[in-house]
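Reviewing the structure listed below.
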Amino acid sequence: MITNFFIPELNNHDVQELWFQQDGATCHTARATIDLFKDTFGDRLISRFGPVNWPRRSCDLTPLDYFLWGYVKSLVYADKPQTLDHLEDNIRRVIADIRPQILEKVIENWTSRLDYIRASRGSLMPEIIFKM
């Protein structure tokens, strides 16, 4: 997928200032994968073993992972899209309909996570109860 779709698609866009971030899950950080991303993004790669190291299984830290993907997915698939056009329309609609108040709550939640991490000096976060 990376070599047959992702990289060719990037070649159609100006990515000189684009940063790429992925979680540090072991399946995403094979040496060949990291080398390919380093060749593509240089020092603008945020990943385990990348120029900007990112902890494995760190989805609790990123609003895209702990909020956006699940929220969007639940709404996009609510009416069970049967065609790619329908799916794309749903994605565009759901993203466009996200209200500033929701994003404000997400940022508040994210900053409280960061405060917790600072206070616990980066230890695990099992006692956090995530609320929206």
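Once the stretch 99-116 is narrowed to residues that are within 17 Å of the chain's Cα centre (by Cα) and not basic (Lys, Arg), the residue that is modelled with the lowest pLDDT is Leu114. The set of residues from the stretch 6-21 being over 18 Å from the mean Cα position of the chain (by Cα) and open to solvent by 100 Å² or more (accessible area, probe 1.4 Å) comprises Asn11, Asn12, His13, Asp14, Gln16. The criterion of being under 17 Å from the mean Cα position of the chain (by Cα) and modelled with pLDDT of 90 or more does not hold for Ser58. Out of Lys105, Lys73, one residue alone is open to solvent by 70 Å² or more (accessible area, probe 1.4 Å), in a helix (DSSP H, G or I) and closer than 30 Å to Ala30 by Cα. It is Lys73.
Close contacts from the stretch 87-112, counting a first residue that is over 11 Å from Tyr71 (Cβ atoms) and free of Cβ contacts under 8 Å to residues at least 12 places away in the same chain and a second that is open to solvent by 70 Å² or more (accessible area, probe 1.4 Å) and aromatic (Phe, Trp, Tyr), with Cβ to Cβ under 9 Å and a gap of 6+ residues or different chains, come to Leu87/Tyr77. Among the residues of the stretch 13-43, those that are closer than 22 Å to Trp69 by Cβ and touching a strand residue (DSSP E or B) at 6+ places or on another chain (Cβ under 8 Å) comprise Trp19, Phe20, Gln21, Gln22, Phe37, Phe41.
None of Lys73, Lys38 is of a type in the set (Lys, Arg), within 30 Å of Glu108 (Cβ to Cβ) and modelled with pLDDT of 85 or more except Lys73.
The values are calculated or read from the model by the stated rules, or taken from the named source; none is laboratory data. This structure is a prediction, so every number in the text was calculated from the model and none was measured. Don't worry about glycine lacking a Cβ; one is built from the backbone with ideal geometry, like all the others, and counts go over all protein chains shown. To get the accessible areas, we keep the full protein, side chains included, count just its heavy atoms, and leave off ligands, DNA and RNA. Shrake-Rupley method; radii C 1.70, N 1.55, O 1.52, S 1.80 Å.
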